Structure formats: C-alpha cells, structure tokens
Amino acid sequence: MPLLAVSSWLEPLLADPFSAIDHVQLAMPAGEEERARAFYGGLPGLIEMPKPPELAARGGCWFASGDVQIHFGVDTDFRPARKAHAAAMLRTAGKSGSSSDCQSLLSG
C-alpha cells in the first residue's frame, strides 16, 4: 500500500516536477563586484538586475538574460572551485555553438 494517496491528476506533475532552473548562484570574493560587472555586464544581452535591499547589503550582483539568471554572492572564505561550473546555451545567428567554439572564445 502506498504511503501517500495521490490524485490521478497530480501523478504526472510528481513524476517530472521541475520545468526549469530559476537561477544559478555562484560564489565570488568580497569586493569584486566591479570586476563581475565589467565582465558579465559587458556581454551582449546580459543585464544587471537590482537585488532586494536586504540582500544588496550583503554584496554581490545579479545578472539576467530573458529567463536565465546568474546570481553572484559574496563568500568571505571564497576559494575558486576546481570543477564546479555553470554553462549557458547561447543563441547564434544561423549556427549552433559547440564546446570547441566556447574553448576558442575562452582561450582568446
């Protein structure tokens, strides 16, 4: 016998409940907001979002492009992650990007 009785209309929602990621939070060192703004704010289509006042006092900054949000939060004990990362899919004019395209962009 199931532990919880579920209405039949609810079953599909429980089988696959997540439809998207609301935002990604990445850690940053204290005092580096201007560097983050210079880089991420300079990317086409990515704009800085205002943080709620109670969160703005903690530092960091938030960026968005459509439904995609990247939040940078200050970590006083910041250490760069060795493998953790976030990846975004970019729209391009008539071609799809590949990881090798991304590597060439990152390496200069």
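Data overview
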| read-out | value |
| --- | --- |
| Those trypsin sites (Lys or Arg not before Pro) in region 26-84 that DSSP places in a loop and that have at most 13 other beta carbons within 10 Å | R58, R82, K83 |
| 12 Å cut-off, amide nitrogen to a point 7 angstrom out along A20 Cα→Cβ, residues in region 44-78 | 65-69 |
| Of all DSSP beta bridges in region 20-80, antiparallel share, percent nearest 5 | 60 |
| For a label point 7 Å along the Cα-to-beta-carbon line of D67, residues of region 10-53 with backbone N under 18 Å | 13-14, 16-25, 46-47 |
| Under 5 Å, built H, 5+ apart or other chain: amide partners of D75 | M28, A30 |
| Inter-label distance for E33 and K83, nm, one decimal - labels placed 7 Å from Cα along Cα-to-Cβ | 3.4 |
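Rule-based calculations on the coordinates, nothing more; no lab input. Treat the numbers as computed from the prediction; the structure is a model and nothing was measured. Neighbour counts run over all protein chains shown; Cβ positions are idealised from the backbone, glycine included.
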